[in-house]
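Here is the structure we will look at.
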Amino acid sequence: QVQLVESGGGLVQPGGSLRLSCLTSRSIFSINTMGWYRQPPEKQRELVATITTGGSTNYASSVKGRFTISRDGAKNTVYLQMNNLRPEDTAVYYCNSILGVTRSWGQGTQVTVSS
C-alpha cells in the first residue's frame, strides 16, 4: 500500500489560486496512476484529475482549463494547481494512487472558496 499525505488546502476568495501537494511513500513513477478527487459538502466523491506513469493527464470537465496536475519525481510529490477558483470548488480534496489492484487514499485537505 502507498502512504499519501496531502497539504496546501485553505480558505481563498473566488478567483484566487491554491496549490495542493501530495507526498507519496514511494517513487511516483512506480505508481500506475496518481489522482486528485474531491468531496463537496453532502455530495459524493468525484474525480478531479489524474496523471499516469507515462504522463498522460485527464481532467473533470468542470475544472478543465483551470486546474493542472503535475508531478516532481525527485520529491515523490504530485501537485494540483488550482486557478480561478469558484465557490463550487469548495470540498475536501483527496490524493489517490493506483498500484496494481491496490487503491490508496490520503487523509484529505479542506479547500474553501468564499468571499
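Taking Gly100 as the residue in question, decide whether it is at pLDDT below 95 and on the phi > 0 side of the Ramachandran plot.
The answer is yes for Gly100.
Got a number for residues in region 2-45 being charged (D, E, K, R), within 12 Å of Thr77 (Cα to Cα) and open to solvent by less than 20 Å² (accessible area, probe 1.4 Å)?
Total satisfying the criteria: 1.
Looking at region 90-106, I want the residues that are over 20 Å from Ala60 (Cα atoms) and have a partner that is modelled with pLDDT of 90 or more and among the basic types (Lys, Arg) with Cβ atoms under 9 Å, at least 6 apart or on another chain. Which pairs are those?
Leu99/Arg26
I'd like the full set of residues that are open to solvent by 60 Å² or more (accessible area, probe 1.4 Å), among the charged types (D, E, K, R) and not in a strand (DSSP E or B), limited to region 46-103.
Lys64, Lys75, Arg86, Glu88
Across region 104-115, which residue is most open to solvent (accessible area, probe 1.4 Å) among those that are outside any loop (DSSP other than H, G, I, E, B) and within 12 Å of Gly8 (Cα to Cα)?
It comes out as Gln110.
The values are calculated or read from the model by the stated rules, or taken from the named source; none is laboratory data. Source: prediction; values computed, not measured. Note: ideal-geometry Cβ built from the backbone for every residue, glycine included; neighbour counts use all protein chains shown. Calculation scope for accessible area: heavy atoms of the full protein, side chains included, ligands and nucleic acids excluded. Shrake-Rupley method; radii C 1.70, N 1.55, O 1.52, S 1.80 Å.
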